[in-house]
1. Within the bounds of segment A:767-778, is there any residue that is open to solvent by 20 Å² or more (accessible area, probe 1.4 Å) and within 16 Å of RNA strand B (Cβ to nearest atom)?
2. Taking interchain pairs and intrachain pairs at least six residues apart, which have beta carbon atoms under 7 angstrom, with the first residue in segment A:786-800 and outside any helix (DSSP H, G or I) and the second open to solvent by 20 Å² or more (accessible area, probe 1.4 Å) and basic (K, R)?
3. When you go through A:R635, A:R598, A:R604 one by one, which is the residue that is assigned to a helix (DSSP H, G or I), of a type outside the set (G, A, S) and crowded, with 18+ Cβ neighbours inside 10 Å?
4. For segment A:779-807: of the residues being under 17 Å from A:Q881 (Cα atoms) and open to solvent by less than 30 Å² (accessible area, probe 1.4 Å), which is modelled with the lowest pLDDT?
5. Is it the case, given these coordinates, that A:G87 is within 16 Å of RNA strand B (Cβ to nearest atom) and closer than 24 Å to A:V567 by Cα?
6. Pick from segment A:723-744 the residues that are part of a helix (DSSP H, G or I) and under 38 Å from the mean Cα position of the chain (by Cα): which of them is farthest from RNA strand B (Cβ to nearest atom)?
7. Could you identify the single residue in A:A144, A:A179 that is in contact (Cβ under 8 Å) with a residue 12 or more places away in the chain, within 20 Å of A:V45 (Cβ to Cβ) and among the aliphatic types (A, V, I, L, M)?
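The values are calculated or read from the model by the stated rules, or taken from the named source; none is laboratory data. In this text, all values refer to a predicted model and were calculated from it rather than measured experimentally. All Cβ positions, even for glycine, are placed from backbone atoms using ideal geometry, and neighbour counts span all protein chains on display. Accessible surface is based on the protein model in full, side chains and every heavy atom, while ligands, DNA and RNA are left aside. Shrake-Rupley method; radii C 1.70, N 1.55, O 1.52, S 1.80 Å.
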Amino acid sequence: METPRRQMAARYDAAAVEPDVYQRWLDADAFRPAPTPDPGSQPFVIIQPPPNVTGALHIGHALTATVEDSIVRYHRMRGDDTLWLPGVDHSGIAAQFVLDRILAEEGESRASLGRERYLERMWQFISETREVIGGQHRRLGASADWSRERFTMDEGSARAVRTAFTRLWDAGLVYRGEALINWCPRCLTTISDLENVHRDETGTIWTIRYHLERSDGTPDPDAWISVATTRPETLLGDTAVAVHPEDERYAALVGRHAILPFLGRRLPIVADEHVERTFGTGAVKITPAHDPDDYALAQRHALEAITVLDEEARVNAAGGEFFGRDRFEAREAILDRLRETGDLIAEKPHAMVVGHCDRCGTVVEPRLSVQWFIRVQPLAERALASVREGRTKILPAHFEKVYAHWMENIHDWAVGRQLWWGHRIPAWFCPDGHITVTDEVDGPDGCAECGRPALDLTQETDILDTWFSSGLWPFSTLGWPDETPDLARFYPTSVMETGYDILFFWVARMMMLGLFLTDAEPFHTVYLHGMIRAEGGVKMSKTKGNTVDPLSMVAEIGADALRFALVSGSSPGSDMRLTQAKLDGGRNFTNKLWNAARFVLGARPEPMAESGGEPSLAARWIASRLSEATERATRQLDVLDLGGYAATVYDVAWSDYCDWFLEMAKVDLRREGARDADRATTWSAAAAGLGTILRLLHPLMPFVTEAIWTELRDAAPDAAPVPLLVTAPWPGATPRAAAAEDAFADLAAMVRGVRNLRTESGVAASAWVPLVVEAANADAAARLESAAHYVETLARVRPIELVEDAERSEQVVAGRLGVAWLGRDAAADEVSAGRRAAQISEVDVGIARLETLLANESFTARAPAAVVERERVRLDELREQRERLVGGSE
RNA sequence: GGGCGAUUGGCUCAGUCGGUUAGAGCGCACGGUUCACAUCCGUGAGGUCACUGGUUCGAAUCCAGUAUCGCCCACCA
């Protein structure tokens with residue numbers, strides 16, 4: 001029974017093909033793990049790093065999706081019990097930032113709406129963006145199990161958050177206390193150290209006189225101590241001046257007092273070893289409520305801390321005449337007044353680092369307040385040990401050092417946020433000051449300490465840092481804290497794939513919380529990808545207008561082409577440049593595959609005979625090459641070397657299969673007098689090879705391979721034995737054919753040599769010219785004869801004449817098969833003389849080098865025998881080649 | 001101030017725990033209307049692997065140092 005020949009479209013139309021293919025996968029329910037795992041299968045689980053809900057996906061998300069999807073599809077084909085669980089992060093502060101901006105455009109604000117209506121508005125906003133994000137992942141080909149899609153603000157996450165927080169509290173790892181935290185006066189919330197990003201800036205350092213107190217308590221106009229500061233406005237909160245205990249300049253002053261300008265406050269002069277004598281004047285003004293160093297010093301000396309800035313960083317009532325001014329206005333005003341009084345005695349430029357809010361860029365203000373903290377040292381120790389002892393591996397490995405360094409110097413995590421969008425801290429205050437923490441969704445029954453009824457308690461209004469719920473993600477998504485079947489089956493997970501930029505923010509927190517809460521490493525491998533940069537190696541940013549939008553790329557060149565461009569030439573942890581040339585390369589490769597398939601399907605012999613006889617050299621060779629490529633690709637995917645894998649499949653598909661095999665297959669198929677059975681054999685080999693390539697390539701380029709698979713399945717059921725490629729098994733190991741590979745190598749060398757001869761001799765590309773060959777020996781002659789039909793077509797030479805001891809042209813090519821030169825017609829076109837002489841001297845150089853090497857006794861004695869032997873063989877070959885080149889003419 | 005990484009043809013990158021002639025894509029030059037593909041095919045030019053020293057029979061690869069670039073961390077006013 002013959003299948004009618006199918007006609008593939010002349011051009012691959014990704015925009016038309018991809019949505020249709022994706023729908024077929026969904027219809028087949030291809031992305032969901034089986035209801036029960038196959039016996040003997042290993043679980044393979046990736047939990048998707050949840051993108052922010054705040055907007056559309058950018059190119060970094062496309063990279064994440066591509067890498068994860070490739071790995072997941074590979075494992076699915078391997079027959080693993082594979083789950084890729086997708087989700088979205090509520091991204092507290094970022095989401096509020098975006099929504100606030102939208103509200104501002106509408107003339108509304110957080111304040112005008114109030115907490116409840118604001119949160120309603122947020123849910124409405126994010127339900128739209130969540131849809132968009134899911135749709136975009138599907139366009140990229142993400143084979144995630146959408147039925148398990150999660151959100152960090154869904155009820156499951158909320159429950160996990162309450163449980164996790166309560167367990168940390170019960171273990172004494174959560175505390176509430178007064179401390180100097182990073183405050184963003186614009187976002188109006190605490191931020192963590194990680195969200196406080198330091199930038200180098202050139203500021204000014206001013207030197208100010210503080211007059212000393214006289215015995216009558218008034219400032220002495222003639223005696224002072226000079227202090228240096230970069231933040232004059234904090235002067236209002238000064239409560240001391242500090243000097244180094246061994247600084248002789250100030251020794252006499254320690255114990256006395258200075259008088260604070262404007263406010264008249266008495267400032268004790270204290271001695272503290274942390275003061276650097278050589279910096280500034282050697283005397284430091286101490287503002288405990290607005291500087292971390294000063295705060296620490298104040299603790300040592302039991303100094304008062306006076307807050308002089310309000311939430312929005314304006315001078316508060318404690319600031320006297322400067323009340324109500326913004327901190328930077330106040331700075332100028334204070335400097336002006338100091339100039340008036342003559343107490344500003346120096347100002348000069350000063351290189352310094354200034355902390356800014358990661359989200360909005362505002363200069364962070366250290367602020368003294370009562371906050372929730374997680375005591376992280378005990379958590380960090382375990383997280384560190386897991387990596388040190390190899391239970392979790394980080395790729396690339398050098399990030400293990402970065403991780404360790406951070407874990408070793410970790411500070412407590414200020415985890416409360418004065419925001420609305422997020423998980424409210426499950427803590428209740430009792431009028432008597434007691435704190436009750438509970439994981440009960442409805443709150444506690446009463447105060448845990450004094451038993452006062454629940455009605456008297458009020459819940460904490462602070463919410464948790466977004467990264468707290470993200471830190472639970474690998475297990476909260478699987479049902480934790482319940483012992484769900486998914487948790488039992490899929491946890492711990494396998495690979496955590498994400499960008500190195502959130503190693504601390506996220507990976508470290510997952511490790512710490514995961515180990516504490518589940519007593520297991522949440523994943524065995526962390527794969528960190530690099531950042532995508534624009535042409536020229538610069539950062540992509542919307543303001544620079546040099547971003548690559550993944551979705552418009554998909555529309556333009558297709559998801560496969562984009563995916564290929566993102567992965568090829570990349571290595572983990574290294575940034576990579578996404579250039580137009582690279583995108584073109586992906587598009588070209590997609591096109592190449594499509595056309596190769598179009599050729600193969602169009603070349604199907606009709607009617608199709610039974611296969612029979614020996615497979616041709618081309619067929620045996622490509623099978624062997626694909627076997628090698630399969631082994632290599634498998635190895636590379638197993639160690640997550642995506643860039644290497646992409647190169648492997650690209651090379652075998654383009655160079656081996658298309659450039660050589662298909663051209664040789666054409667010869668076999670079109671050869672006059674070929675038997676139908678042989679044609680069938682060759683075509684089957686072509687179809688089988690195509691099937692293998694499709695399977696090898698499917699993880700990275702799922703759409704085009706699936707589309708071709710559909711066609712191939714109809715034409716060659718043996719080559720495409722299952723309905724959908726997405727569920728096809730990964731190619732297995734097949735035997736290599738060393739003989740065929742060697743035979744091909746010699747043949748290809750001959751073809752290349754002859755092509756080169758033609759070009760150099762100026763033979764017209766379309767011209768058929770005779771070729772004369774003096775075979776190296778009888779075996780070579782036999783092999784040449786049996787492969788003559790290939791050489792003829794591939795090198796466009798006809799006829800091929802085998803000779804012995806003939807007079808030869810000066811234009812020859814020499815190889816292991818023998819020496820060849822173009823026949824009479826071409827000889828007349830010779831444009832360069834002495835090619836043979838040049839070849840001989842080239843061979844002589846090689847011979848000389850090898851002779852020297854092999855004469856070196858320390859080489860022959862110390863190098864491994866196999867290496868020495870290889871060099872001996874090579875020398876023999878070159879000597880033979882020289883013999884043949886020289887022939888009888890010398 | 002600490003730490004990490006990079007440095008390979010004009011550009012972007014590979015280079016398999018050292019093996020002697022360093023690869024690919026793009027770009028470039030030349031040639032091509034061969035019935036899958038010009039998003040293509042063929043041929044070619046182009047690299048003393050940043051520098052210096054060391055280890056070794058042998059170094060792009062290992063070690064030390066230098067330079068340049070990049071990144072991360074960091075409480076000196």
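1. Kept after step one, since they are open to solvent by 20 Å² or more (accessible area, probe 1.4 Å), are these residues of segment A:767-778: A:767-768, A:774-778.
Checking the rest, the ones that are also within 16 Å of RNA strand B (Cβ to nearest atom) come to A:767-768.
Looking through segment A:767-778, at least one residue is open to solvent by 20 Å² or more (accessible area, probe 1.4 Å) and within 16 Å of RNA strand B (Cβ to nearest atom).
2. Qualifying pairs under 7 Å: none.
3. A:R598
4. Going through the qualifying residues, I end up with A:V803.
5. Working: within 16 Å of RNA strand B (Cβ to nearest atom): no; closer than 24 Å to A:V567 by Cα: yes.
Answer is no for this residue.
6. The first filter runs over segment A:723-744 and keeps only residues part of a helix (DSSP H, G or I), leaving A:725-727, A:738-744.
Now restrict to residues that are under 38 Å from the mean Cα position of the chain (by Cα): A:725-727, A:741.
Numbers: A:L725: 19, A:V726: 24, A:T727: 27, A:E741: 15 Å.
Taking the candidates together, the pick is A:T727.
7. Step by step, each of A:A144, A:A179 is checked, and only A:A144 is in contact (Cβ under 8 Å) with a residue 12 or more places away in the chain, within 20 Å of A:V45 (Cβ to Cβ) and among the aliphatic types (A, V, I, L, M).
Per-residue answers, yes or no, for (1) touching a strand residue (DSSP E or B) at 6+ places or on another chain (Cβ under 7 Å); (2) over 18 Å from A:E68 (Cα atoms); (3) among the acidic types (D, E); (4) within 16 Å of RNA strand B (Cβ to nearest atom):
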position: A:F505; (1), (2), (3), (4): no, yes, no, yes
position: A:A520; (1), (2), (3), (4): no, yes, no, no
position: A:M553; (1), (2), (3), (4): no, yes, no, yes
position: A:E556; (1), (2), (3), (4): no, yes, yes, yes
